[in-house]
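This report concerns only the one structure given below.
The values are calculated or read from the model by the stated rules, or taken from the named source; none is laboratory data. A quick note: this is a predicted structure, and the numbers were derived from the prediction, not measured. Every residue, glycine as well, gets a Cβ built from its backbone with ideal geometry; the counts of neighbours run over all protein chains shown. Keep in mind that these areas ignore ligands, DNA and RNA; they rest on the heavy atoms of the full protein, side chains included. Shrake-Rupley method; radii C 1.70, N 1.55, O 1.52, S 1.80 Å.
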Amino acid sequence: MPKDIETELHQLVGNFIWAGLTRAPIRRDILELPIREGGIGLVNIPRRNRATNAKKVALLLDLQNRPIWAHFANPLMGHHITAESGKIQDWARINVFLQQWNVATHSRTSMPNSILGMLRFAKEAHLSFTALNPSRKLVKSLPAWYHFGAKRFLKAAPNSKAALCLYKTHKVTSVGRLYKVIDRETTKPGIRKHNTRYDCACPACARDRSKGCTHPKECLKTAKIIKAEIENSKWDPWSIPEENDGLSLTRHRRRANKVALQNDDTLTFDPSVSLRGGITQGFRLFTDPKASCRDPARRKIGLVLPNEAVTAYTDGACIDNGDINARAGSGVFYGTGDTRNLSLRLPDELNSNNAGEIVAVLTLVKATPTFAPLHFETD
């Protein structure tokens with residue numbers, strides 16, 4: 001919905017509710033509350049539009065189950081690429097949120113308002129791919145061309161004949177397909193080794209020629225240039241280690257946790273933060289651009305001493321929770337008379353009951369040596 005129409009509708013609703021009064025006797029945010037909470041369930045049109053745009057962004061990001069309109073949106077956006085992005089090849093253009101090219105969202109653009117509103121919302125809300133530790137499968141599914149995690153924007157790479165051959169002949173669209181081209185350099189027993197000659201007769205080069213590739217060497221060279229730009233600890237699929245430290249929850253551990261939850265018994269914490277779902281799940285709105293990190297959150301395998309296990313209890317509370325004068329605190333209890341027992345007051349910006357609970361657990365975790373198994377109880 002265009003911004004001017006949104007504003008006008010918002011004002012019309014207010015005028016209708018108060019019959020033209022210059023000053024509303026009840027705040028609008030109170031009217032928007034559910035009836036059971038003292039409001040009348042009044043629709044907040046600007047907020048509803050933002051929610052609609054957020055849903056559109058999610059649908060556009062789903063490369064596997066895109067709605068019909070999303071297939072038309074991509075070429076429309078391709079006709080409004082910013083000058084700073086340079087020449088973006090049509091065949092290499094997959095998704096504006098997953099690649100390093102931008103769409104003009106100024107008022108002079110002729111793009112449909114529905115798409116323009118979605119793009120402006122994504123920009124204002126700082127849409128960002130913030131997966132703490134993307135899985136190898138997810139990283140391999142990302143677009144190889146104009147990769148959003150590349151160290152620098154390779155404008156020229158997709159504009160060569162070799163790049164077009166990589167796309168058409170080698171079917172390179174994703175990072176996984178790109179690595180498949182480069183994999184020929186891996187030496188395998190009993191298979192002819194790849195060499196740098198133009199007439200290399202290794203099985204991979206021979207297969208490429210049979211499919212129509214005239215210069216496998218040039219295609220390999222271009223593939224390696226692109227790979228070098230996305231080869232860092234977070235986006236290189238082969239730098240992602242398998243989590244084999246014995247801490248991830250197995251199927252048996254998950255079943256045991258379900259039983260323990262029903263019986264109010266001890267639960268085993270799952271430390272894994274790997275994103276194993278679709279690409280959409282890795283994106284977040286309302287992020288802080290300055291707080292983004294290129295380093296993945298991976299566990300370090302260290303020494304564990306069962307005899308040094310720590311048991312403690314945590315709690316958090318808040319007086320006048322939800323009010324402007326709220327005061328919150330956290331506590332950690334190890335046992336009667338234990339010198340490690342502590343309580344702390346939360347800063348004003350964290351005055352809530354939930355924050356008190358979280359800070360208590362974080363305080364306990366930070367105070368516990370990494371080699372000591374931790375058992376704690378919280379509500």
Residue that is modelled with the lowest pLDDT, among those in the stretch 240-273 that are of a type in the set (Gly, Ala, Ser) and either open to solvent by 40 Å² or more (accessible area, probe 1.4 Å) or touching a Gly at 6+ places or on another chain (Cβ under 6 Å) (or both): Gly246
Matching helices (runs of 4 or more DSSP H) fully within the stretch 75-193 where at least 2 residues are among the charged types (D, E, K, R) and under 24 Å from Lys217 (Cβ atoms): 161-168, 175-182
All positions within the stretch 29-71 that are free of Cβ contacts under 8 Å to residues at least 40 places away in the same chain, open to solvent by 80 Å² or more (accessible area, probe 1.4 Å) and not charged (D, E, K, R): Ile35, Ile40, Asn65, Ile68, Trp69, His71
The stretch 113-162, residues that are open to solvent by less than 40 Å² (accessible area, probe 1.4 Å) and under 17 Å from Trp238 (Cβ atoms): Asn133, Pro134, Ser135, Leu138, Val139, Leu142, Ala144, His147, Gly149, Ala150
Checklist (1) under 23 Å from Ala144 (Cα atoms); (2) open to solvent by 30 Å² or more (accessible area, probe 1.4 Å) applied to Gly78, failing item: (2)
Looking only at the stretch 208-233, and only at residues there that are assigned to a helix (DSSP H, G or I) and under 24 Å from Pro296 (Cβ atoms), the one that is nearest to the chain's Cα centre (by Cα): Ile230
The stretch 1-17 residues that are outside any helix (DSSP H, G or I), paired with ones that are exposed (fewer than 15 other Cβ atoms within 10 Å of the Cβ) and of a type outside the set (Phe, Trp, Tyr) (beta carbon under 6 Å, 6 or more apart): Pro2/Asn113
Residues of the stretch 85-123 that turn out to be in contact with an Asp or Glu (Cβ under 9 Å, 6 or more places away or on another chain) and hydroxyl-bearing (Ser, Thr, Tyr), as a count: 0
Those residues of the stretch 90-108 which are open to solvent by 30 Å² or more (accessible area, probe 1.4 Å) and among the aromatic types (Phe, Trp, Tyr), in sequence order: Trp91, Phe97
Per-region count, the stretch 170-203, residues over 18 Å from His147 (Cβ atoms) and in contact with a Ser or Thr (Cβ under 9 Å, 6 or more places away or on another chain): 2
Residue among Ala328, Ala291 that alone is under 31 Å from the mean Cα position of the chain (by Cα) and modelled with pLDDT under 80: Ala291
Meets criteria (in the same structural domain as Thr222 (by the TED database) and at pLDDT below 85) for Pro158: yes
Output for the stretch 322-379, where each listed residue is farther than 26 Å from Thr266 by Cα, open to solvent by 40 Å² or more (accessible area, probe 1.4 Å) and part of a strand (DSSP E or B): Arg327, Leu344, Arg345
Residues of the stretch 274-296 satisfying the condition of being surrounded by 13 or more Cβ atoms within 10 Å (Cβ to Cβ) and either in the same structural domain as Tyr334 (by the TED database) or of a type in the set (A, V, I, L, M) (or both): Leu275, Ile279, Leu285
